[in-house]
Amino acid sequence: REGHCLNDLLYRWRTGAVAGEVVGVVSPYEDFAALAAAYGLPYHAVPGPGATQEELDGVLLGLATRERADLVVLARFMQVLGRRACSELAGRAINIHHSFLPSFKGARPYRQAHDRGVKLIGATAHYVTEELDDGPIIEQEVARVDHAHSVAELARVGRDVECVALARAVRWHVEHRVLLHGRRTVVFR
């Protein structure tokens, strides 16, 4: 339900900073249907919270197959993909995690970071695997913060680093500059 990463990627795509063809936008919410339309892209609704993992995976994989998508980007999608989707999209689904992994996995990482008094916050773009927020890391970005930052301010700063990390990861993947090597990646910059 947060559109900063989607908006940033679409802008970079439109300006040529990220190559490739965007074939559509997928979400369980209608929040960004108008944004997709503004870029001339189809908007596909998928099952949201409350749907079974099999339902979500089936619809998402059906769309990816029908649209012949080489890459699925979870730009703050905030839904966990199931075993089938993770398996079929292995090495071609990228997630942005709003934290500097491996720390602060799961939900509310900015609250976790604030509670720990961190001095750096970050974002991690990684390939999707069945293990939540544990896939091979493609790119990470950080920003310096201090004790005066509230949780809301950490999230504001974090949105910027999320956009940067995700855009780099997508660009490098599309340019075939990322090699998977077990649980790691090798990135040719």
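One table, with the values for the structure above:
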item	result
Conditions (1) on the phi > 0 side of the Ramachandran plot; (2) surrounded by fewer than 14 Cβ atoms within 10 Å (Cβ to Cβ); (3) touching a strand residue (DSSP E or B) at 6+ places or on another chain (Cβ under 9 Å); number of the one not met by Leu120	(1)
Residue within segment 22-31 that is open to solvent by 40 Å² or more (accessible area, probe 1.4 Å), closer than 30 Å to Ala113 by Cβ and among the hydroxyl-bearing types (Ser, Thr, Tyr) present	yes
Single residue of segment 123-148 satisfying the filter (open to solvent by 40 Å² or more (accessible area, probe 1.4 Å) and more than 27 Å from Leu71 (Cα to Cα)) that is nearest to the chain's Cα centre (by Cα)	Arg144
Residue count for segment 1-21, restricted to those that are open to solvent by 60 Å² or more (accessible area, probe 1.4 Å) and either modelled with pLDDT under 95 or closer than 19 Å to His173 by Cβ (or both)	7
Residue within segment 31-39 that is at pLDDT below 95 and out of contact with any strand residue (DSSP E or B) (no Cβ under 8 Å at 6 or more places or on another chain) present	yes
Filtered residue count, segment 108-129, keeping only those that are part of a strand (DSSP E or B) and of a type in the set (Val, Ile, Thr)	2
Exclusive hit being open to solvent by less than 20 Å² (accessible area, probe 1.4 Å) and in contact (Cβ under 8 Å) with a residue 40 or more places away in the chain, set His98, His114	His98
Pairs, first of a type in the set (S, T, N, Q) in segment 42-59, second open to solvent by 60 Å² or more (accessible area, probe 1.4 Å) and part of a loop (DSSP other than H, G, I, E, B), C-beta under 9 Å, six or more apart	Gln53/Val80
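The values are calculated or read from the model by the stated rules, or taken from the named source; none is laboratory data. From a predicted model like this one, the values you see are computed outputs, not experimental measurements. Note that each Cβ is placed from the backbone with ideal geometry, even for glycine, and that neighbours are counted across all protein chains shown. The accessibility values were calculated without ligands, DNA or RNA, using every heavy atom of the protein model including side chains. Shrake-Rupley method; radii C 1.70, N 1.55, O 1.52, S 1.80 Å.
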